Amino acid sequence: MKYLIPESLETSRLVLRQFCEKDNDSYSQLMQNSGVVRFLDNGNTLNTFESWHHLSMLLGHWVFKGFGCYAIEEKLSRKFIGKVGLYSPHQWPGIELTWLIDPHFQNKGFAFEAAQLVINSSFKNKLCNELISIIHPENLNSIKLAQKLGMTLLDSQKITDNPSLFYQIKQADWEK
């Protein structure tokens, strides 16, 4: 299948690649951490089966849309450290840049580095001319990251019954 963005991307510190079955244990541990998931969907943790199901949905997104989320590996250790990528399920308000980093790997610039790579790839490959990020108003770390990426606050509304802030970056602003 031909995707609209590359299946993998790299920086000097990170490998962004498609998820595979070996990621389920690490992803499941991440999704069982209440501190990690508190701002996602309903804020509930996922058990191992639910995590596997969620990974399957992320992989299916690539098939349906031609783009999706990447597993993030730290290049040096080859450890799974989180996910970053694009998300736009049926009737979503736009193509969303999304990220989730294991707490042990936070505050090292990995989310910023990975998100920059995805933004660059999205615009370079002419996938879209703008990206959004939908962030819970209490998720201060994600708000700071969105602002650091140059995203601007567009709107505040409920999505999936959760209060949400809509941030946006346009290609023209990114390329300045």
Cβ crowding within 10 Å averaged over residues, with 61-69, 38-46 ranked highest first | 61-69, 38-46
According to the square roots a ≥ b ≥ c of the eigenvalues of the Cα gyration tensor, what is the shape class of segment 1-123, taking rounded for a/c under 1.5, prolate for a/b larger than b/c otherwise, and oblate for the remainder?
-> rounded
Where does the chain land at 222 nm, in deg cm²/dmol rounded to the nearest 500, when only DSSP H runs of n ≥ 4 count, each adding -39500 (n - 2.57), divided by all residues?
-> -9500 deg cm²/dmol
Exposure proxy ranking, count of Cβ atoms within 10 Å, fewest first, for 70, 3, 87 = 3, 87, 70
Here segment 33-46 yields Karplus 3J(HN,Hα) values (6.51, -1.76, 1.60; θ = phi - 60°; whole Hz; Gly and Pro given as x) of 8, 4, x, 6, 8, 4, 9, 9, 6, 8, x, 8, 6, 10
Segment 91-119 versus segment 53-72: alpha-carbon centroid distance in Å = 15 Å
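Only the coordinates and a few stated rules stand behind these numbers; no lab work does. Predicted model only: the values in this text are computed from it and were never measured. So basically every Cβ, Gly included, is an ideal-geometry build from the backbone, and we count neighbours across all protein chains shown.
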